Amino acid sequence: MTPEELRTLTLFNTVESRPEINQRQLARELDVSLGLTNTYFQRVLKKGWIRAQQVKPRRWLYFLTPKGALEKSRLSLSYLHRTLNSFRELKSKGDEHLRILSKKGVRGIHLCGEDDLTEVLSYCFSGFEIELLSVIPEKDLLDNPEQSANPTLPELKSGELILLASLEHRAPLAELLAQQGLQKNQHWVLFS
């Protein structure tokens, strides 16, 4: 899904839930300039996806047309399809990581990372003889300076590892683990 399609879908959802929204508010919602918001509005109005009705001077209500509802459905399905493909790909990678770790004798994993990624990876544990022992949200380690200086990490027993599952903050998390005396591939591994 292109950024423009995602903005269009957001525009549809916002107009549908808040028909009285003004373009300045919508610009904040879309996280784009007011001028770009106006351009988006003009485009969807010309395509007949949204209808505008003036209720007072300088006050408008916006409505999704049947044609707009159809386009919203198409964009929603595209978004859902892409999301499911991403989920399947991440699950497949997670299964492969667990298969390799299982062969190496790992019996317990502490997942450390992003909420969404750790949630997807948590689905991988069924079918393996590796237990998901805990989930350590990366924000708990990175957002609090006191916590970063002295993080609360699990005590690793024999056959246990930390699986670092972060897309954006790999380097600071890896550095944090190293500062705690945890060695890569011995105490923790990187999900990639």
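Note on the stretch 92-119: among residues that are charged (D, E, K, R) and in a loop (DSSP other than H, G, I, E, B), the one that is surrounded by the most Cβ atoms within 10 Å (Cβ to Cβ) is GLU114. Every condition in (1) over 30 Å from GLU131 (Cβ atoms); (2) at pLDDT below 95 is met by LYS67 except one, and the failing one is (2). Taking the stretch 1-91 as the region of interest, the helices (runs of 4 or more DSSP H) fully inside it that hold 2 or more residues being in contact with a strand residue (DSSP E or B) (Cβ under 7 Å, 6 or more places away or on another chain) are 3-17, 34-46.
Test of understanding: among SER158, SER166, SER122, SER126, which residue is loosely packed, with under 11 Cβ neighbours inside 10 Å, under 25 Å from LEU84 (Cβ atoms) and at pLDDT 85 or above?
Answer to the check: SER126.
If the condition is being within 30 Å of VAL120 (Cα to Cα), surrounded by 13 or more Cβ atoms within 10 Å (Cβ to Cβ) and among the small types (Gly, Ala, Ser), then the stretch 29-83 contributes SER76, SER78.
The values are calculated or read from the model by the stated rules, or taken from the named source; none is laboratory data. Model, not experiment: these values are computed from the prediction. Note that each Cβ is placed from the backbone with ideal geometry, even for glycine, and that neighbours are counted across all protein chains shown.
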